[in-house]
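Engineer: Below: one structure in structure tokens.
The values are calculated or read from the model by the stated rules, or taken from the named source; none is laboratory data. Fair warning: this is a prediction, and the values are worked out from it, not measured in the lab. Cβ sites come from the backbone with ideal geometry, for glycine too, and all protein chains shown count toward neighbours. Note: accessible area is taken over every heavy atom of the protein model, side chains too, but ligands, DNA and RNA are not part of it. Shrake-Rupley method; radii C 1.70, N 1.55, O 1.52, S 1.80 Å.
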Amino acid sequence: MGHAWSVLCPEAERAGMVAALKTIDFRAECEFAQNAAELRRRMAESALGERSALIGLTTSGVSDVNLAAAVVADGHAEKVVLALRSPSGSLRSRAAQAGIDDVIDLDGVSPAPPAEKGVAPASGLLPECDGGRISAASGPAPALSGARAPILSFCSGRGGVGKTSVVACSAVAASSWGMRVEAVDLDLSCGNLFAMLGIARGTDLSRLSADDLGDKGRLGRLGAPCGERIRVWGPCERPETSELASAVVPGLLGALACDSDLVLVDTSPTFSDAVALAVRESDRVVLVHDRRPGSLASLARTSGLAVRLGVARTRIARLENRMDARDRTDPSFGRAEVGLEAARAFTAFDGGDEVADYLGYGDAAGLLEAGSPFAESVAACLAQLLKELGVLPEVEAAQRAAEGPIRRRKGLFGRRREAV
């Protein structure tokens, strides 16, 4: 299910408004209000954070920015967005001061096809899955029922939190459950996901063309295989070509999602254009962090940026890495920050030197087979996310992982196992 939006605009502008909305929330489900009073009533009748508002080109006598500011002040909307033609810098500044989340320039949005009266036309950033070719026609992204694989992006606001290790272990865990996995490394200049998965290189994203993305068979041959069920994409062979790869990211993710069971995206420590595009198209954005000084600040910056990019708060989760198995997750950590108010919290246990040893030799699969607390807790996080999305494989190992990681510790009477 997509996020619910109430839209207020002239009837003749509805197609364009929905096309604009889909640029920031490709799964948006729209309904149209007839006037400002109806829009505000719908906001008030919805649960807090359940519905967002899109306002633009109204003829009610109240300026769009003032109406949007009033909806913000009401406090019921998850997000409030303005869509106008050629909005000025001063208007954008006023909107920001009023707490309006985004201002979309309609002149930069392609019009959507007309729809039946009162029904939002379908449009999506991701392409449709159509046999051996990927159709670029506008249409809704397929539902998570097997037609399109879920896309999970793992992000952070700083380096060294173990994000790539989490993605590598997630890939081998999903593969062990029988899933076909596409692992995409968007740390385009210096990524090393391929090395942790034990292969010499991934596919150079800067060399992919529109023709490659449009042909399912051709694209499949370009992926760097890792075992039978994992293909690795990225980074760029030469760091100086990384800027060339950003443009292919939406098309690549859409194509891979049509030909796999799961797409995992590793990202750079900071939000490049490629990362921002991937995050907007992801079904879940997992913010990886630890407890080092400054961790909360970087986590807050990243979650706030994700929200400003149009990621619904319900699609954001956080994963605390390198957690001591004797500790418990603090559910209040980060909750006051934008985007983390209701973010589901996961933990990955500290695996010690064993993790660095295995991954240094490119043996992420061996780390999972060895029963590493780190690998098992990462697998548990992945399984719970997939269960939440309705795509968890019905195999014993996956179902067991979804029950949660196992805490292992040595006590007075030897090793004890304690479920969390």
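Engineer: Tell me which residues, restricted to segment 225-271, are under 24 Å from R308 (Cα atoms) and open to solvent by 40 Å² or more (accessible area, probe 1.4 Å).
Structural biologist: Selection gives E243, A247, P269, T270, F271.
Engineer: So, one more: Would you say G362 is open to solvent by 10 Å² or more (accessible area, probe 1.4 Å) and in contact (Cβ under 8 Å) with a residue 12 or more places away in the chain? Explain how you work it out, then say what you get.
Structural biologist: Numbers: open to solvent by 10 Å² or more (accessible area, probe 1.4 Å): yes; in contact (Cβ under 8 Å) with a residue 12 or more places away in the chain: yes.
Considered against the rule, which asks whether it is open to solvent by 10 Å² or more (accessible area, probe 1.4 Å) and in contact (Cβ under 8 Å) with a residue 12 or more places away in the chain, G362 comes out as yes.
Engineer: Free of Cβ contacts under 8 Å to residues at least 60 places away in the same chain, surrounded by fewer than 20 Cβ atoms within 10 Å (Cβ to Cβ) and not small (G, A, S), is that true of L222? Walk me through how you get there before you give the answer.
Structural biologist: On the way: free of Cβ contacts under 8 Å to residues at least 60 places away in the same chain: yes; surrounded by fewer than 20 Cβ atoms within 10 Å (Cβ to Cβ): yes; not small (G, A, S): yes.
So L222 fits the description; yes.
Engineer: On the basis of being of a type outside the set (K, R), more than 28 Å from V161 (Cβ to Cβ), in contact with a helix residue (DSSP H, G or I) (Cβ under 6 Å, 6 or more places away or on another chain) and in contact (Cβ under 8 Å) with a residue 40 or more places away in the chain, does L188 make the cut?
Structural biologist: Numbers: of a type outside the set (K, R): yes; more than 28 Å from V161 (Cβ to Cβ): no; in contact with a helix residue (DSSP H, G or I) (Cβ under 6 Å, 6 or more places away or on another chain): yes; in contact (Cβ under 8 Å) with a residue 40 or more places away in the chain: yes.
Spelling it out, it is not the case that L188 is of a type outside the set (K, R), more than 28 Å from V161 (Cβ to Cβ), in contact with a helix residue (DSSP H, G or I) (Cβ under 6 Å, 6 or more places away or on another chain) and in contact (Cβ under 8 Å) with a residue 40 or more places away in the chain.
Engineer: In contact with a Pro (Cβ under 6 Å, 6 or more places away or on another chain), part of a loop (DSSP other than H, G, I, E, B) and of a type outside the set (D, E, K, R): does that describe G178? First the steps, then the outcome.
Structural biologist: On the way: in contact with a Pro (Cβ under 6 Å, 6 or more places away or on another chain): yes; part of a loop (DSSP other than H, G, I, E, B): yes; of a type outside the set (D, E, K, R): yes.
So G178 passes the test.
Engineer: For segment 26-41, check the following and say yes or no: at least one residue is hydrophobic (A, V, I, L, M, F, W, C), under 28 Å from V285 (Cα atoms) and modelled with pLDDT of 90 or more.
Structural biologist: Looking through segment 26-41, none of the residues is hydrophobic (A, V, I, L, M, F, W, C), under 28 Å from V285 (Cα atoms) and modelled with pLDDT of 90 or more.
One line per residue, one yes/no per condition, for (1) small (G, A, S); (2) in a strand (DSSP E or B); (3) over 14 Å from the mean Cα position of the chain (by Cα); (4) buried (at least 21 other Cβ atoms within 10 Å of the Cβ):
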residue: R292; (1), (2), (3), (4): no, no, yes, no
residue: A297; (1), (2), (3), (4): yes, no, yes, no
residue: A300; (1), (2), (3), (4): yes, no, yes, no
residue: L305; (1), (2), (3), (4): no, no, no, no
residue: G310; (1), (2), (3), (4): yes, no, no, yes
residue: D327; (1), (2), (3), (4): no, no, yes, no
residue: F333; (1), (2), (3), (4): no, no, yes, no
residue: V338; (1), (2), (3), (4): no, no, yes, no
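Engineer: Tally up the residues in segment 274-290 that are part of a loop (DSSP other than H, G, I, E, B) and within 17 Å of T23 (Cβ to Cβ), please.
Structural biologist: Step one: list which residues in segment 274-290 are part of a loop (DSSP other than H, G, I, E, B), which gives 281-283, 290.
Add one more test, that the residue is within 17 Å of T23 (Cβ to Cβ), and what stays is 281-282.
Qualifying residue count for the region: 2.
Engineer: Next question, about the same structure. Could you say whether any residue in segment 173-194 is open to solvent by 20 Å² or more (accessible area, probe 1.4 Å), in contact with a Gly (Cβ under 9 Å, 6 or more places away or on another chain), among the polar types (S, T, N, Q) and within 18 Å of A278 (Cα to Cα)?
Structural biologist: Within segment 173-194, none of the residues are open to solvent by 20 Å² or more (accessible area, probe 1.4 Å), in contact with a Gly (Cβ under 9 Å, 6 or more places away or on another chain), among the polar types (S, T, N, Q) and within 18 Å of A278 (Cα to Cα).
Engineer: Another question, then. Pull up segment 14-30, narrow it to residues that are in a loop (DSSP other than H, G, I, E, B) and open to solvent by less than 30 Å² (accessible area, probe 1.4 Å), then point me to the one that is farthest from V81 (Cα to Cα).
Structural biologist: Taking segment 14-30 as the starting set, the residues that turn out to be in a loop (DSSP other than H, G, I, E, B) are 23-28.
Among the residues that remain, those that are also open to solvent by less than 30 Å² (accessible area, probe 1.4 Å) are: 24-26, 28.
Working: I24: 10, D25: 11, F26: 15, A28: 13 Å.
Residue satisfying both the conditions and the ranking: F26.
Engineer: Go through segment 31-70 and give me each residue that's more than 22 Å from L91 (Cβ to Cβ), in contact (Cβ under 8 Å) with a residue 40 or more places away in the chain and either open to solvent by less than 30 Å² (accessible area, probe 1.4 Å) or more than 27 Å from the chain's Cα centre (by Cα) (or both).
Structural biologist: The answer is F32, S46, G49.
Engineer: Of all residues being among the hydroxyl-bearing types (S, T, Y) and out of contact with any helix residue (DSSP H, G or I) (no Cβ under 7 Å at 6 or more places or on another chain) in segment 348-395, which is farthest from D261 (Cα to Cα)? Just the residue, please. Explain how you work it out, then say what you get.
Structural biologist: Taking segment 348-395 as the starting set, the residues that turn out to be among the hydroxyl-bearing types (S, T, Y) are 358, 361, 372, 377.
Those still in the list that are out of contact with any helix residue (DSSP H, G or I) (no Cβ under 7 Å at 6 or more places or on another chain) too: 361, 377.
Working: Y361: 27, S377: 21 Å.
Per the stated criteria, the residue is Y361.
Engineer: For segment 52-84, which positions are of a type in the set (S, T, Y) and in contact with a helix residue (DSSP H, G or I) (Cβ under 7 Å, 6 or more places away or on another chain)? Explain how you work it out, then say what you get.
Structural biologist: To start, the set of residues in segment 52-84 that are of a type in the set (S, T, Y) comprises 52, 58-60, 63.
The answer is T58, S60.
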